[in-house]
1. List every residue pair whose Cβ atoms sit under 9 Å apart, with the two residues 6 or more apart in sequence or on different chains, where the first one lies in the range 30-54 and is part of a loop (DSSP other than H, G, I, E, B) and the second, anywhere, is modelled with pLDDT under 85.
2. Do you know which residues across the range 101-129 are of a type in the set (A, V, I, L, M) and in a helix (DSSP H, G or I)?
3. With respect to Asp97, determine if the residue is among the acidic types (Asp, Glu), closer than 24 Å to Lys38 by Cβ and out of contact with any Phe, Trp or Tyr (no Cβ under 6 Å at 6 or more places or on another chain).
4. Condition first: surrounded by 12 or more Cβ atoms within 10 Å (Cβ to Cβ) and free of Cβ contacts under 8 Å to residues at least 40 places away in the same chain. Now tell me which residues in the range 112-123 satisfy that.
5. Output the residue which, of all residues in the range 39-70 that are under 12 Å from the mean Cα position of the chain (by Cα) and surrounded by fewer than 19 Cβ atoms within 10 Å (Cβ to Cβ), is nearest to Met89 (Cα to Cα).
6. Which ones in the range 62-81 are β-branched (Val, Ile, Thr) and closer than 13 Å to Thr110 by Cα?
7. Give me the pairs, please: first residue somewhere in the range 82-100 and within 17 Å of His64 (Cβ to Cβ) and assigned to a helix (DSSP H, G or I), second residue anywhere and among the β-branched types (Val, Ile, Thr) and at pLDDT 95 or above, beta-carbon distance under 7 Å, and either six or more positions apart or on two chains.
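The values are calculated or read from the model by the stated rules, or taken from the named source; none is laboratory data. In this text the structure is predicted, and so the values were computed from the model without any measurement. Every residue, glycine as well, gets a Cβ built from its backbone with ideal geometry; the counts of neighbours run over all protein chains shown.
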Amino acid sequence: MMQQMQQQQQQHQQVLQQLLNQNQNNQQQHGPPPVQSKLPDFLRVRPPTVSSTTNPTEASDGLHAIEKKLNLLQCTDQEKVSFAAHQLMGPASAWWDNFLVTRTTTTEVTWAEFCLNFRKAHIPDGIVT
C-alpha cells in the first residue's frame with residue numbers, strides 16, 4: 001500500500017513537471033500573455049467627462065473625480081494619462097490635442113505633467129478649488 005502511494009505521488013510529480021514544461025514552451029513560442037487593459041474597468045466606475053474650459057471649478061472637480069477613480073483601480077502613470085485624456089471632450093479635448101502637438105519633448109507625458117498643464121490651462125491662478 002505504501003509503495004502504491006509512492007508511485008501515485010511520483011506520477012503526480014511527473015504530471016506537474018510536464019505541465020510546467022508545456023507552459024514554459026508555450027511562453028517561449030508565443031511570448032508572455034497579453035496585458036489586460038484597465039480601460040473597461042475604468043469606464044465601469046463611470047468617470048466624468050470634462051469638456052468645459054470656461055468654468056475652472058468644473059474643470060478642477062472633473063479632474064479630481066477622474067483621479068480618484070484612477071487611484072481606485074491602481075492605474076499606472078501612463079494609464080492615468082491615457083484614461084484621463086479619453087475623458088476630455090470638446091474644448092478640453094482640443095486643448096489636449098494642441099498640448100501634444102506643441103510639446104517639445106518626445107518622452108511620454110507623466111501624470112504629474114498632465115495635471116500641472118491641465119490646471120495651468122483650465123484653472124487660472126488665484127482660483128481656489
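1. Short answer, once both residue conditions are applied: Pro33/Gln27.
2. Val101, Ala112, Leu116, Ala121
3. yes
4. Within the range 112-123, Glu113, Phe114, Asn117 qualify.
5. Among those residues, the one meeting the criterion is Leu43.
6. Thr76, Val81
7. What qualifies is Ala84/Ile66.
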